[in-house]
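What follows is calculated from the coordinates using simple rules that are stated; it is not laboratory data. Predicted model, so just to flag it, every value in this text is computed and none were measured. Glycine gets a Cβ as well: all are built from the backbone with ideal geometry, and neighbour counts include every protein chain shown.
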């Protein structure tokens, strides 16, 4: 791994010592190979109207046009027209679309990884409905194959391959679960051979947010179902999905799905993690080529349906709160009502941000940006939007339903020396269970 | 007269052929690509795909209020020249007569004075759009030759049409021939550049509508 700088002074990381042309060709082959109909339609459709710019927190907070979402796709737009599009043979014959250079890919690495959280707000702004964030996800497939990924994200990729998680070795998992249960006085189930519910975790819960592990257990114990954590399939966050490492994405998905099927679960509960929802709820079945024999639900959906069914009663808090909608859950996942129903059941008076639900501003750390330390200065700028929203709301609580958002927001507050606590919906629910 | 005959005859025939074949080629070129089959279960209560697609096509006609704060000019000016183009192309009596000679159907037109006014407004709107593209840092960065050529080939028929009806420039027959030739250029370029959005918007919005509708997400 080597950190380098392009001719124009843009930092990039490169993995391996392959020749430039080989990297470029690997990127193009991966990008072209995965191209499907919807992506092609969207590649064909841009009007160059610029409406996406003001939807992007990075453009809005820096004013730098390079963060215009559609601009982040430029090398891949060129590659599409040269290799895939309906007129590709004509473009090649007449030399109208040159091959993408390695310098261009290096230049764009930071736009594709540091300058995009895959939040998809640009998709809602585009008058043509181009799903730009999905195209950037496709572009990451090419960048990963080229070995042009931020070193920090590549490190997490290698760690996940070795450990089964970017946060903790699989062999430590059961101990973490047991120790957390003991510390919080909650009976835990781990590695039961059979269960109806399998609970998965996100990296933050194995490090900063361990209380969440016992909070889920407290609720599941309360409703009296047969549930378990499993060493064989515990990590729901999917660094392959974020980095563009498709083989790892498939491997990590199969681990949690195969395990859940093996223990006979009818429901796999995803943790408070946004992209885990994207990778598992919407993309897991892709790897199997068929419908899966189990439900995959986010923790927030589990909380909402458990509250709605009357299986748990919550103490009313009688206070005010604002809520940060995680992008992958709300905008790209359609889960906007569930957290609001839970907040209501808690007796919390929700003061909505001006832009909320599907229009919510990103925390600035999604898509791996919070883990990519190189992007810290950019991320802190984007945080100013969320800080203003929270300050304008004047509420007693600030809640979200994604551990990565929570970490991003807490880091932003710490950087700003702003005394603002960011709370987890799961933890609040667990703390307010009626006896 | 030779130029006018050429414009009305061979040039128009050729350009219409390129337009039709080019549009078909481009549409088939993308639609023939494999589609990912989505095996994930749809959100409970989600609309069928066809309905999600239609909803998205209409939903995307008006931006969310939050995006209009910065995008009001782009949106309003876009509507002005699109409506203007629609009016002058389809409601100018000589155009209607020409289209009747091709397709055998006709409809009432608007008075020439109204058409001239709308044409002038359309030309002005297009000029403002170009000025914005040339001065906005975002648009300057993301614009391609395609955008400028598409603009030029949209503007020229409007400008030559206005000149022909106002009897400005060369004699009428020559101006009319130039007008028709500019339309030919527009038709020839149409399938290759962004003018194709007149067809692609249905596919582009519809595809995202299906993806979001499946998830129960709002577009």
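Convex hull volume per residue, computed on the Cα atoms of the range A:164-305, equals 96 Å³.
Give me the compactness ratio for the protein assembly as shown, meaning the Cα radius of gyration over 2.2 N^0.38 Å. Before the final figure, lay out the partial values.
Values: Rg = 27.6 Å, N = 654, 2.2 N^0.38 = 25.8 Å.
Computed over Cα atoms of the protein assembly as shown, the ratio equals 1.07.
Between the alpha-carbon centres of the range B:71-145 and the range A:212-267 there is a gap of 55 Å. Computed from Cα positions, the angle between helix A:211-223 and the longest principal axis of chain A comes to roughly 50 degrees.
Note on the range A:2-149: Cα-only Rg and Dmax are 14.9, 42 Å. Against chain A, whose longest principal axis comes from its Cα atoms, helix A:403-415 is set at around 80 degrees.
Counting Cβ atoms of other protein chains within 10 Å of each Cβ in B:204-215 and taking the mean gives 6. Annotation: the antiparallel percentage among DSSP beta bridges lying fully within the protein assembly as shown is about 20. Using a 10 angstrom cutoff on alpha carbons, build the Gaussian network for chain A and name the most mobile of A:251, A:290, A:226. Among A:251, A:290, A:226, the largest mean-square fluctuation in the Gaussian network model of chain A belongs to A:290. Normalised by the number of residues in chain A, the mean separation of alpha-carbon contacts (under 8 Å, six or more apart) gives a relative contact order of 16 percent.
Simple spin-label estimate for residue B:51 and residue A:221 gives 4.5 nm between the two label positions (7 Å along the Cα-to-Cβ direction from each Cα).
Pairs of alpha-carbon atoms within less than 8 angstrom and 6+ residues apart define the contacts here; what relative contact order does the range B:53-193 have, in percent?
After rounding, I find 18 percent.
Here the relative contact order of the range B:77-133, from alpha carbon pairs under 8 Å that lie six or more residues apart, stands at 45 percent. Here the simple spin-label model places points 7 Å from the Cα toward Cβ, and for residue A:262 and residue A:19 these points are separated by 4.4 nm. When only alpha carbons are used to place a centre, the range A:307-351 and the range B:150-211 end up 51 Å from one another.
How large is Rg over Rh for the range A:336-420, taking Rg from the Cα atoms and Rh as the Kirkwood inverse mean of 1/r across Cα pairs?
Radius of gyration relative to Kirkwood radius: 0.97.
The base-10 log of I(q)/I(0) for chain B, evaluated at q = 0.09, 0.12, 0.15, 0.18 Å⁻¹, reads -0.48, -0.81, -1.16, -1.43 [Debye formula, identical scatterers on Cα atoms, solvent excluded]. Run the helix sum for the protein assembly as shown: -39,500 (n - 2.57) per DSSP H stretch of 4+ residues, divided by residue count, reported at 222 nm to the nearest 500 deg cm²/dmol. Helices in the protein assembly as shown give a 222 nm mean residue ellipticity of -17500 deg cm²/dmol.
Any chance you could check the Cα centroid distance between the range A:139-208 and the range B:1-58 for me, in angstrom? The range A:139-208 and the range B:1-58 have Cα centres spaced 45 Å from each other.
Computed from the C-beta positions of residue B:132 and residue A:434 and an R0 of 41 Å, the FRET efficiency is 0.10 to the nearest 0.05.
What per residue convex hull volume, in Å³, comes out for the range B:92-152 when only alpha-carbon positions are used?
105
Computed over chain A with a Gaussian network model linking Cα atoms closer than 10 Å, the most mobile of A:235, A:423, A:391 is A:391.
The calculated FRET efficiency for the pair residue A:163 and residue B:77, based on their C-beta separation and a Förster distance of 56 Å, comes to about 0.55. Provide, as a two-decimal number, the C-alpha radius of gyration of the range A:271-316 over 2.2 N^0.38 Å, N being how many residues it has. In units of the 2.2 N^0.38 Å rule of thumb, it is 1.44.
Taking the longest Cα principal axis of chain B as reference, the axis of helix B:65-90 is set at about 40 degrees.
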